[in-house]
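Okay, structure first, notes after.
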Amino acid sequence: MSAQHGHTSHDGTHDHGAGPHANHGHTHEHQQRHDHHGTHGHPHRHDTPPSGASRLRHRLAHLLTPHSHETADKTDPALEASARGLRALWVSLAVLGVTAVAQAVVVVLSGSVALLGDTVHNAADALTALPLAVAFVLGRRAANRRFTYGYGRAEDIAGLVIVLTIAASAAFAAWTAIDRLVNPRDVEYLPAVAVAAVIGFLGNEWVARYRIRVGRDIGSAALVADGLHARTDGFTSLAVLIGAGGAALGWRLADPIVGLAITAAIALVLRDACREVFRRVMDAVDPAVVDAAEHALRHVPGVLTVGELRMRWIGHRLRAEVAIVVDGALSVRAAHEVAVAAEHALLHAVPKLTAALVHADPAPAPGVPDPHAPLAHHAA
């Protein structure tokens with residue numbers, strides 16, 4: 001029955017051809033490196049040297065439309081996603097750094113403990129960008145014989161660190177509020193404290209929106225969680241502002257009471273961050289993505305039905321493993337051709353999918369033994 005099976009497996013680059021490939025061990029990118037001699041896949045002709053006008057046109061083309069002569073240098077969607085994630089981290093780190101410095105100046109002038117706590121929160125939020133940046137850089141490393149799926153899981157580990165940081169922020173906010181209830185304090189320079197609180201809120205909310213948007217665009221649960229962390233610090237800044245307003249009206253307990261309310265808000269954000277990160281760690285995917293993959297596979301010519309379909313996130317990269325059922329009379333080459341077409345359909349139908357393994361099973365036939373019977377005793 002070996003002639004009735006075909007499968008295709010890739011680890012990061014994909015063969016999008018529709019026909020069979022005699023040397024399937026080479027991915028599309030690897031094969032191009034062997035036969036790519038010119039730009040955009042067009043080999044240069046060496047029988048006649050290019051004229052001066054041709055060389056000039058070529059240089060102008062480079063200036064107006066930059067491109068690479070090396071296939072390895074062409075844009076990889078997964079690497080581009082990592083670059084976007086890193087860019088979001090560095091931009092938000094700069095914004096939060098400026099915010100924390102501005103608040104620290106007011107803390108020195110006013111002696112506001114509430115604003116000090118907010119400043120510490122902002123500094124901690126800025127620093128959470130560092131482990132996540134390390135995870136993005138580490139995730140770019142190629143898979144090897146020890147880490148056969150690559151290093152994308154580092155991003156999920158960074159997400160766990162961020163969740164723990166949000167939890168610590170909630171605990172710190174609660175402790176600060178309770179301490180202020182027990183030991184009320186007067187705050188000086190209330191207008192300056194209010195301005196610093198507004199700066200903290202606006203800076204954190206801008207960073208939160210930016211991180212969450214980019215994180216959802218590239219499929220990074222860790223970056224979304226980091227954005228939610230920035231939002232918790234924005235809530236803390238808002239608490240400082242409301243507390244300063246209450247203090248200005250002579251209500252000394254305004255700051256701690258609002259602080260407790262903001263602690264509850266941080267707990268709600270923590271719940272959302274936990275859901276984002278732990279679902280990713282447990283290999284959860286949106287059921288709508290699975291539905292889209294099955295729909296695409298069922299419309300591939302030669303696919304009779306879709307068997308087992310599994311999908312998982314590794315960092316911000318999505319992988320799939322699927323078994324399709326094909327006509328049992330097909331040759332190995334023809335079955336492989338259907339499998340390649342099925343993978344091609346998946347890559348177009350599922351955003352952020354970077355790798356798929358497709359296995360072709362023969363359709364059951366009367367009098368033909370089950371080809372998976374030798375595996376039956378291994379079933380759970």
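Observations, loosely collected:
- Take the conditions (1) of a type outside the set (A, V, I, L, M); (2) surrounded by fewer than 22 Cβ atoms within 10 Å (Cβ to Cβ); (3) modelled with pLDDT under 80; residue 259 misses just one of them, which is (2).
- Note on the range 146-178: among residues that are without any contact (Cβ under 8 Å) to a residue 60 or more places away in the chain and in a helix (DSSP H, G or I), the one that is farthest from the chain's Cα centre (by Cα) is 175.
- Breaking point among (1) out of contact with any Leu (no Cβ under 6 Å at 6 or more places or on another chain); (2) basic (Lys, Arg); (3) modelled with pLDDT of 85 or more, for residue 185: (3)
- Count of the range 282-294 residues which are assigned to a loop (DSSP other than H, G, I, E, B) and touching a strand residue (DSSP E or B) at 6+ places or on another chain (Cβ under 7 Å): 2
- Some residue of the range 289-296 being more than 22 Å from residue 82 (Cα to Cα) and surrounded by 20 or more Cβ atoms within 10 Å (Cβ to Cβ): yes
- Residue that is surrounded by the fewest Cβ atoms within 10 Å (Cβ to Cβ), among those in the range 302-318 that are closer than 14 Å to residue 343 by Cβ and free of Cβ contacts under 8 Å to residues at least 60 places away in the same chain: 309
- When the range 209-227 is filtered for residues that are surrounded by 24 or more Cβ atoms within 10 Å (Cβ to Cβ) and within 21 Å of residue 198 (Cβ to Cβ), the ones remaining, listed by number, are 211, 227.
Matching residues to (1) without any contact (Cβ under 8 Å) to a residue 12 or more places away in the chain; (2) surrounded by 14 or more Cβ atoms within 10 Å (Cβ to Cβ); (3) closer than 30 Å to residue 332 by Cα:
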{"position": "234", "(1), (2), (3)": "no, yes, no"}
{"position": "250", "(1), (2), (3)": "yes, no, no"}
{"position": "266", "(1), (2), (3)": "no, yes, no"}
{"position": "271", "(1), (2), (3)": "yes, no, no"}
{"position": "285", "(1), (2), (3)": "no, yes, no"}
{"position": "299", "(1), (2), (3)": "no, no, yes"}
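- Top-ranked residue of the range 319-337 - restricted to ones that are hydrophobic (A, V, I, L, M, F, W, C), in contact (Cβ under 8 Å) with a residue 40 or more places away in the chain and buried (at least 22 other Cβ atoms within 10 Å of the Cβ), ranked as farthest from residue 136 (Cα to Cα): 326
- A single member of 106, 198, 134 is among the β-branched types (Val, Ile, Thr), at pLDDT 75 or above and either in contact with a Lys or Arg (Cβ under 7 Å, 6 or more places away or on another chain) or over 19 Å from residue 259 (Cβ atoms) (or both), and it is 134.
The values are calculated or read from the model by the stated rules, or taken from the named source; none is laboratory data. On a predicted model such as this, the values are computed, not experimentally measured, just so you know. When we count neighbours, we look across all protein chains shown, and the Cβ atoms used for this are built from the backbone with ideal geometry, even at glycine.
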